[in-house]
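Just so you know, all these numbers are worked out from the coordinates, no wet-lab data involved. In this text, all values refer to a predicted model and were calculated from it rather than measured experimentally. Cβ: placed from backbone, ideal geometry, glycine included. Neighbour counts: every protein chain shown.
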C-alpha cells in the first residue's frame with residue numbers, strides 16, 4: 001500500500017503541538033448581526049444623558065431646560081396656547097408647497113426626458129434655476145407676490161421641485177437603451193412604452209428626489225417662518241427667542257423633528273411597497 | 001433535401017443588395033438572400049463580421065445606420081437577445097405578456113411558460129431566475145406572439161455548457177411544434193450544426209458559404225470541418 005508512506009510526516013519536522021488540527025474558522029470582518037431597533041439606541045442614550053445632567057443641576061435651565069420642562073411647556077402650549085394652530089398653519093404651507101413642487105418636478109422631468117424639444121427648453125432652464133439659491137429669491141418674491149401665504153408656498157414649491165426634477169430626469173435619461181429596443185421589438189406604442197418601461201424604470205430615481213424634496217420642504221418652511229411670518233411654528237420660536245423662552249424653542253424643534261421623521265418614514269414605506277421588485281435583490 | 005418542401009415555396013425573408021455601413025466601413029456588402037418560410041437557418045461569422053448587423057436590419061432595429069438595398073420580412077417578428085432582457089420590475093408572466101393585449105393573452109402567456117418548462121414561476125421576479133430560466137422566459141415571450149419569423153442573436157452565448165445543451169433541445173422542439181422561420185446568429189459552429197437545417201457563413205460582408213445540413217446524415221464531422229475552414233479556422237485532427 002502506498003497510502004501509508006504518503007500520509008506520514010517528514011521525520012525531521014517538529015511535532016505539531018495540535019496533532020489533529022481542525023479547520024479554524026476565520027475571523028469575520030463583517031460588523032456582525034444587526035441589533036433590533038439599533039437606530040434608536042443613540043438618540044435614547046442622548047435623552048438619558050440630557051435628563052441625568054438636568055437632574056444633577058449640571059445644565060443651566062435658562063440655556064437648556066430639562067426634558068420634562070420641555071414636555072410640560074409643550075402640553076401647556078397645546079392645551080392653552082396656539083400650538084395646534086401654529087402646527088396646522090405650518091403643515092398647510094409645507095404640504096401645499098410640496099404638492100405643487102412635486103407636480104411641477106414630475107411634469108417637467110417627463111416633458112424634458114421624453115422629447116428633445118422639451119429637453120432643450122426645460123433642462124438648461126431648471127439648471128439655471130438650481131444655480132440660484134432659492135432662499136435668495138425671497139426678497140424678489142415678496143415684492144412680486146406680497147408677504148402673504150402665496151410667496152411662502154411658491155418658495156417651498158421651488159425648493160421641492162428642483163431635486164425631484166433632477167433625479168427623475170436623470171433616471172429617465174438613464175433608462176437602459178436595451179429596454180427601448182425591447183419595446184420596439186415587442187411593438188409597444190408610445191403610451192405603452194412610457195407606462196410600462198419609462199415610468200417604472202425612472203421610479204427609483206424619482207424616490208431619491210422625493211426624499212430630498214420632503215427634507216427641502218421643511219428646510220424652506222423653517223427659514224420662511226422665522227423671518228417673514230406672523231403665525232406658524234417658526235414664528236412661535238422666533239417670538240420665544242425675543243422673550244428668552246428656550247423651552248418653547250425646544251418644543252418647536254421637537255415638532256419639526258417629528259414632522260421630518262414621519263414624512264421621511266412615510267416616503268420610505270411607500271418606496272418599499274412600490275419598488276418591491278428591488279427588495280429581492282438586497283435580501 | 002430539406003424537410004417540409006411544401007412550406008418552402010414562399011420565402012419569408014428576402015434580401016436584395018442589402019448594404020450597411022458604419023462610419024464609412026462597409027459591414028454588409030450587397031447581400032442577396034432568401035429564407036424560405038419555416039426554415040431553421042443559422043448565421044455564422046467572426047465577431048465583427050456583421051452577423052448582428054444583418055439580424056438587426058431584418059428586425060428593423062437599425063434606425064440610424066447608413067445603408068441601401070431591399071428587405072422584405074413577415075409582419076410578426078420576434079427577437080431573442082443574448083441577454084434575456086426581462087424587465088426587472090415585472091413578474092415573469094407580465095414580462096411574457098409585454099406588448100400583448102386581448103382577453104386570452106394571459107392564458108396564452110401561461111401556456112407559453114408551461115411550454116418552456118417554467119410552469120409555477122409565473123409570479124417570480126426576474127431577479128429570482130437563473131440564467132437558463134431567464135432565457136426560457138425570454139423564449140416564452142417571443143413565442144407567445146406566434147411569430148412567423150424568430151430572430152435570435154446568440155441567445156445561448158451567456159449560458160453555461162450544460163444549460164446550453166438543454167436549451168438547444170428546447171429550441172429545436174419549439175421550432176418543430178410552431179414552425180416559424182428562424183434566423184439564429186451564433187459564433188458556435190457546433191450549435192449551428194445541431195440546430196439548423198441550413199448554415200450560412202458571413203465573411204467580409206457577404207455570404208461566404210451556404211450549407212444545407214442533412215439532419216439524418218452522419219456527416220457532422222465533415223460539416224464541421226467545412227464550416228471551420230470557411231471561418232478560417234484549421235484544426236489539428238488527431
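Each of residue A:53 and residue B:94 was given a label point 7 Å from its Cα along the Cα-to-Cβ line. The distance between the two points is 5.1 nm. Taken residue by residue and averaged, Cβ atoms of other chains lying within 10 Å of the Cβ of B:123-130 number 2.
Taking 14 Å as the cut-off, the amide N atoms of the range B:187-217 that come nearer than this to a point 7 Å along the Cα-to-beta-carbon line of residue B:233 belong to B:187-194, B:201-202. When only alpha carbons are used to place a centre, the range B:169-235 and the range A:216-283 end up 67 Å from one another.
Within 10 Å of each Cβ in peptide A:174-182, how many partner chain Cβ atoms are there on average? Round it to a whole number, please.
Values: counts 0, 0, 3, 0, 3, 4, 0, 7, 11.
Mean partner shielding for this stretch: 3.
Only helices enter the 222 nm calculation for chain A: every DSSP H run of n ≥ 4 contributes -39,500 (n - 2.57), and dividing by all residues gives -24500 deg cm²/dmol, rounded to 500.
Of the residues A:45, A:219, A:100, the one that moves most in a GNM of chain A with alpha-carbon contacts below 10 Å is A:45.
Given the peptides B:78-88, A:234-244, arrange them by the average over their residues of other C-beta atoms within 10 Å, most packed first.
Values: B:78-88: 21.3, A:234-244: 16.2.
Descending packing order for the listed peptides: B:78-88, A:234-244.
For the range A:61-95, backbone nitrogen atoms closer than 19 Å to the point 7 Å from residue A:241 Cα along Cα-to-C-beta are found at A:62-65, A:86-87, A:90. Overall size of chain B from C-alpha positions, given as principal axis extents largest first: 47, 46, 37 Å. Against chain A, whose longest principal axis is taken from its Cα atoms, helix A:233-243 shows a tilt of about 70°. Here the Gaussian network model covers chain A, with springs between Cα atoms less than 10 Å apart; of A:263, A:30, A:177, A:30 fluctuates the most.
Nearest 5 is fine: what % of DSSP beta bridges in the protein assembly as shown come out antiparallel, could you say? Could you put the intermediate results ahead of the total?
Working: 20 of 38 bridges.
Given both bridge residues lie in the protein assembly as shown, the antiparallel proportion sits at roughly 55 percent.
A simple spin-label model places pseudo-atoms 7 Å from Cα toward Cβ; at residue A:37 and residue A:88 they are separated by 3.4 nm.
Between rounded, prolate and oblate, where does the range A:23-120 land on the alpha carbon gyration tensor, with a ≥ b ≥ c its root eigenvalues, rounded for a/c under 1.5, else prolate if a/b exceeds b/c? Oblate shape, in that a/c is at least 1.5 and b/c is the bigger or equal ratio. Report the FRET efficiency, 1/(1 + (r/R0)^6), for residue A:45 and residue A:23, where r is their Cβ-Cβ distance and R0 is 35 Å, rounded to 0.05. For residue A:45 and residue A:23, the calculated efficiency is 0.30. Distance from the alpha carbon centroid of the range B:9-54 to that of the range A:21-48 works out to 61 angstrom. Partner shielding of A:185-191 amounts to 5, given as the average count of beta-carbon atoms from other chains within 10 Å of each residue beta-carbon. Peptide packing: for B:97-107, B:30-40, A:208-218, the average count of neighbouring Cβ atoms within 10 Å per residue gives the ranking A:208-218, B:30-40, B:97-107, highest mean first. Ordered by the number of other Cβ atoms lying within 10 Å of each residue's own Cβ, fewest first, A:88, B:211 fall into the sequence A:88, B:211.
For the protein assembly as shown, count the residues as N, evaluate 2.2 N^0.38 Å, and divide the Cα radius of gyration by that value, please.
Numbers: Rg = 34.0 Å, N = 521, 2.2 N^0.38 = 23.7 Å.
Scaled against compact globular proteins, the figure is 1.44.
With both labels modelled 7 Å from their Cα along Cα-to-Cβ, the residue A:147 to residue B:146 distance reads 7.4 nm. Extent of chain A along its three principal axes (Cα atoms, max minus min coordinate, largest first): 101, 72, 31 Å.
Divide by every residue of chain B the summed helix terms, -39500 (n - 2.57) for each DSSP H run of at least 4, and state the resulting mean residue ellipticity at 222 nm, rounded to the nearest 500 deg cm²/dmol.
Details: 7 runs with 74 residues, N = 238.
Roughly -9500 deg cm²/dmol at 222 nm, from the helical runs in chain B.
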